[in-house]
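The values are calculated or read from the model by the stated rules, or taken from the named source; none is laboratory data. Small disclaimer: the values here were computed from a predicted structure and weren't measured. Positions of Cβ are backbone-derived with ideal geometry, glycine not excepted, and every protein chain shown enters the neighbour counts. The protein model used for the area step is the full one, side chains on, heavy atoms only, and it has no ligands, DNA or RNA in it. Shrake-Rupley method; radii C 1.70, N 1.55, O 1.52, S 1.80 Å.
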Amino acid sequence: MRRAVRIVLFVGLALTVVVAGLVAYVTWTVRRSFPELDGQLSVPGLAAEVDVVRDEHGVPTVYADTSGDLFLAQGFVHAQDRFWEMDFRRHVTSGRLAEWFGPDQVETDAFIRTMGWRRVAQAELPLLAPQTRRNLQSYADGVNAYLDQRTGATLSFEHWLLGVVGPGDAPEEWTPVDSLAWLKAMAWDLRGNMQTEAERARLSAVLDETQLAELYPPYPYERNAPIVPAGQVRDEVFVASGGRTSADSPLTPLDRPAEDAAGTPAAAAAAIGAAAGRMGVLDAVLGPAGSGIGSNSWVVGGDRTASGAPILANDPHLAPSLPSIWYQMNLRCREVTPACPYDVGGFTFSGFPGVIIGHTSQIAWGFTNLGPDVSDLYVERLRGDLVDTADGRRPLEIRTETIEVAGEDPVTITVRSSEHGPLISDPEPAFVEDVSTTPGLLGAPAGTEYAVALRWTALDPGTTADAVFALDTATTWREFRQAASLFEVPAQNMIYADADGNIGYQAPGRIPVRASGDGRLPVPGWSGQFDWTGEVPFEALPFELNPERGYIVTANQAVVGPDYPYLLGDDWAYGYRAQRIADLLESADLLDVAAVQGMQMDSRNPNAEFLVPRLPPASTDPFQAAARALFDDWDYDQPADSAAGAYFNGFWRYLLALTFHDQLPEADWPDGGDRWFEVVRLIWADESADWWDDLSTPVREQRDDIVATALVDARTELTNRLAKDPRRWEWGRLHQLELEHQTFGASGVAVIEQLFNRGPLELGGGGALVDATAWNAADGYDVVWVPSMRMVVDLADLDGSTWVNLTGQSGHPYDRTYTDQAELWRDGEQLGWAWSQQAVETTARNRLTLVPDGLALRQGDRPAGTTCTT
């Protein structure tokens, strides 16, 4: 017996030692990639010393004497904290995921190669301003200087892990094209109505015109104001209530007839929609897009603030990622001169130089997605590699691409393009078979093949990179608008404030003019009737300066009224978030930064505000009545601890399922966003509408039948998942955010996922609320997109401005700044934004001096590489 005990003890001790050794090894491996944050580092390419001062959350302020040194240092610092993220993004935009992760990613790579994001970026580089190209090259030099110092496990834990499970080659050098290609991925995330066009095509095969119209109701201008409520185009220039500017472009108002439905029969439209729906292959890589995604921004003039100066707020809504898509940073020339004109801080993209959203010493700006219709799907009629056009048959443009595949032979694909764009159906042969076998398709002769081409503004080389640096040096409204004129893709609503008290709005972007049609459905490419004929001139795009109401709100609602002569788009958000923000501003006393922060966390549910008072009388069943009592005196706010919010959202989910799932394809089941708020609002008055009938039963249900069943089903689910007593329900226990690492976080290997992932976070808010933590009602309550950051800029005192990131600065798991901002973000708290030199010094935790290569260390400085601050 004693011998058996000794054996057990020995085995237990041995296992303990092994586990402890394994933990120590993993810890050592993880920490090897943590960057140097203090002392001096020699960096080739610098002309003079650069100081990098970080606060306790790892936010750096970079001080340099020249633009070249400033952006070289930015590239170096980005690589310190986020190079895995940068390298991953580079592989995504180049269509090179399969060379890391194997054959499962060939489909994704083939689709990206077909669109040709990197090829577009290569064509874009020579079109940019010389200074922009220099900045991009300086940034690349900084990244490469860091890569020269590290490799494998010393570069990132992910690179070490990749070397264990697959190819472990050292990363190639960073190039300016790598930076530019990431702008295409962001354009894809904010691609406007491309997905909605595909949805409508699918639904046109199973619904009649009336039903389709009911599912895509018009924008409610009478309830929810557009961004620019008053304005017109006069003498070739947009004239807002604030005045007018000079024009340099002619304006030809667009006649917008309805789409020629006879050109694309329902059967063809369904097949096209099925193909376009496969564009969702990228969602797993870049995050979901859809009708619920959006952003909030608003700017308030001094007459409405306690300080008498403008306050600007912004929170862009994007798919959650770990690390966050944003990196906070201040970029400051020690002396602002023509040779070094940058004095800017804000949110940056790792992998791209400059500041994307933020402020200079004189102005502040923010973005929300404008959501214009900048893409069209064209059905092409083919004979081999010839395509039918209005001018006869022409050869397709053809190229081949080779996709390297980890562990397998390379895959060669053929990419074909028509004059409208790449044939996105080619990576999906099954789609071509679907279309070609559709009986009587378009009356074409036997032997005709079909394909789908994508026309999209992001596939044309442009000047958006120039716009970033123009914004970063702007000091006036005029310079801001000049920068906006360069901002082509993705088209964004841009808000503005300056230290002189001005507030403004500008709609920029490359927005096409069509010969005919409204871009709502795929169209025949051979007719020429739906081709693009030009772009909306910048001077004709809506803008506003110092409106009398004293504020401007953009939250993806309609940009301008229906009388505007150009087609910007029709698939706006329905204005619920925007109108709620406007109502809060109208009712507020003089605002300060804290009040604006509170507005960003507003969780009032306008859908509940409409539906709850209209529900049928409560059930007499005590079990059901106890849940229904939650709605008594509810103020329609749904923070994380809201029991009524939990019950209402459960009811809303079941109401949508019972009403629409039986009549719609699964791919088009309601996501619960604000379009569905509007759909249900409009059919509510008709108690016998066909939508209410459950086709799976022999009886014809009425509205109140479906409502009653939804209330019961929600009560049952929440009882099973949360508690029998409804007063113990909490919305946040259903509505959770998992912070999932972009790559290894979904590996399927639990121990690896635990190393990288964090959460869950229990959240309040919801889709189409100001606190826009959206969820997809067809899938459950989990959060699928979020305010990716929040900022509030006080033009009276830039040091009084605040900001917060979704996760943190570092991309290194277990670094102290990996997710140190996540709980602050969850709770609606924000960090102080140190701007002045005194504030930066007061909040400093780490100081790193980057010195030119070969410069002797000053006496007392430690040699580089001796200590790692974590």
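With θ taken as phi - 60° and the Karplus curve 6.51 cos²θ - 1.76 cosθ + 1.60 applied, the whole-hertz 3J(HN,Hα) list for segment 173-182 is 5, 7, 10, x, 5, 4, 5, 5, 5, 5 Hz, x standing for glycine and proline. Counting only heavy atoms of the protein chains and using a 1.4 Å probe, Arg510 has close to 30 Å² of accessible surface. Using only protein heavy atoms and a 1.4 Å probe, report how much of Ile424 is accessible, in Å² to the nearest 10. Only protein atoms counted, so the area is about 10 Å². Ordering 46-53, 563-570 by mean Cβ neighbour count within 10 Å, with the highest value first, yields 46-53, 563-570. Here the peptides 729-737, 77-85, 822-830 are ranked by packing, the mean other Cβ count within 10 Å, and the order with the highest first is 77-85, 729-737, 822-830. Spacing of the modelled spin labels on Ala708 and Asp662, each 7 Å from Cα toward Cβ, amounts to 1.6 nm.
Take the alpha carbon gyration tensor of segment 470-517, find the square roots of its eigenvalues, order them as a ≥ b ≥ c, and report rounded if a/c is under 1.5; if not, report prolate when a/b exceeds b/c, else oblate. The shape class here is prolate.
Normalised by the number of residues in the chain, the average gap of Cα pairs under 8 Å and 6 or more apart makes the relative contact order 20 percent.
The solvent-accessible area of Met791, taken with every protein chain present and a 1.4 Å probe, is close to 0 Å². For Kirkwood radius over Cα pairs in Å, the listed values are (1) 31.4; (2) 28.8; (3) 29.7; which was obtained by calculation from the structure presented? Of the labelled values, this structure produces (2).
Taking a ≥ b ≥ c as the square roots of the eigenvalues of the alpha carbon gyration tensor, segment 82-132 is oblate, as a/c is not under 1.5 and a/b does not beat b/c. Amide H contacts under 5 Å for Leu591: Thr305, Ala306, restricted to partners 5 or more places along the chain or on a different chain, H placed in the peptide plane at 1.01 Å from N. Close amide H contacts of Ser788 (hydrogens built in the peptide plane, cut-off under 5 Å, sequence separation of 5 or more or a different chain): His317, Leu318.
When segment 617-726 is described by a simple charge dipole with +1 on each Lys and Arg Cβ and -1 on each Asp and Glu Cβ, the residue from Pro698, Trp676, Pro639 located farthest towards its positive end is Pro639.
Taking Lys184, Lys724 and ordering them by how much accessible surface each has at a 1.4 Å probe, largest first, produces Lys724, Lys184.
Is segment 674-724 rounded, prolate or oblate when judged by the Cα gyration tensor, a ≥ b ≥ c being the square roots of its eigenvalues, rounded requiring a/c under 1.5 and prolate requiring a/b larger than b/c? Oblate, because a/c is 1.5 or more while a/b does not exceed b/c.
Measuring nothing but protein heavy atoms, the accessible surface of the chain at 1.4 Å probe radius is 51 percent carbon and sulfur.
The calculated FRET efficiency for the pair Asp409 and Ala170, based on their C-beta separation and a Förster distance of 25 Å, comes to about 0.60. Residues whose amide H falls under 5 Å from that of Ala406, counting only those 5 or more places apart or on a different chain, are Glu99, Trp100, Phe101, Gly102, with hydrogens built in the peptide plane. Rounded to the nearest 500, the helix-only mean residue ellipticity at 222 nm of the chain stands at -10000 deg cm²/dmol, with each DSSP H run of n ≥ 4 adding -39,500 (n - 2.57).
For the chain, the per residue solvent-accessible surface stands at 37 Å², with DNA, RNA and ligands left out and a 1.4 Å probe.
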